[in-house]
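Laboratory data are not the source of any read-out in this text; all were calculated from the coordinates shown. Just so you know, these numbers come straight off a predicted model, no measurement behind them. All Cβ positions, even for glycine, are placed from backbone atoms using ideal geometry, and neighbour counts span all protein chains on display.
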């Protein structure tokens, strides 16, 4: 399951008094279109992961896997090594989705 959480503040406190300043339709400096494009791209990456999960589990057991919308771009046994590989390839973490291909079930204790 993919969960999106976004906090949208319509005004920014003015430094003098109680007036607010409009953010001109931008959230964290991004337009609504840019945010929607980012969400759509993330959904496509997760769809790719889900559609190939069994194959990825078999090929990359207990490894981190980074994917774009249609390709595996990096794998590694540790997150540190995966991030180094992405950096070496000139990819940002915003450009990929990362998931650990866990082969064993375990119980979470909260």
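Before moving on, here are some points about what is shown:
- If the condition is being loosely packed, with under 14 Cβ neighbours inside 10 Å and either closer than 20 Å to residue 41 by Cα or touching a residue at least 40 places away in the same chain (Cβ under 8 Å) (or both), then the stretch 59-80 contributes 61, 62, 70, 71.
- Only one of 56, 83, 49 that is in a helix (DSSP H, G or I), surrounded by 14 or more Cβ atoms within 10 Å (Cβ to Cβ), free of Cβ contacts under 8 Å to residues at least 12 places away in the same chain and touching a helix residue (DSSP H, G or I) at 6+ places or on another chain (Cβ under 8 Å): 83
- Total residues in the stretch 60-80, condition assigned to a loop (DSSP other than H, G, I, E, B) and under 25 Å from residue 37 (Cα atoms): 4
- Selection of the stretch 86-103 for residues being outside any helix (DSSP H, G or I), on the phi < 0 side of the Ramachandran plot and more than 15 Å from the chain's Cα centre (by Cα) yields 89, 101, 102, 103.
- Among the residues here, residue 107 does not qualify as loosely packed, with under 15 Cβ neighbours inside 10 Å, more than 18 Å from residue 41 (Cβ to Cβ) and either touching a residue at least 40 places away in the same chain (Cβ under 8 Å) or in contact with a helix residue (DSSP H, G or I) (Cβ under 7 Å, 6 or more places away or on another chain) (or both).
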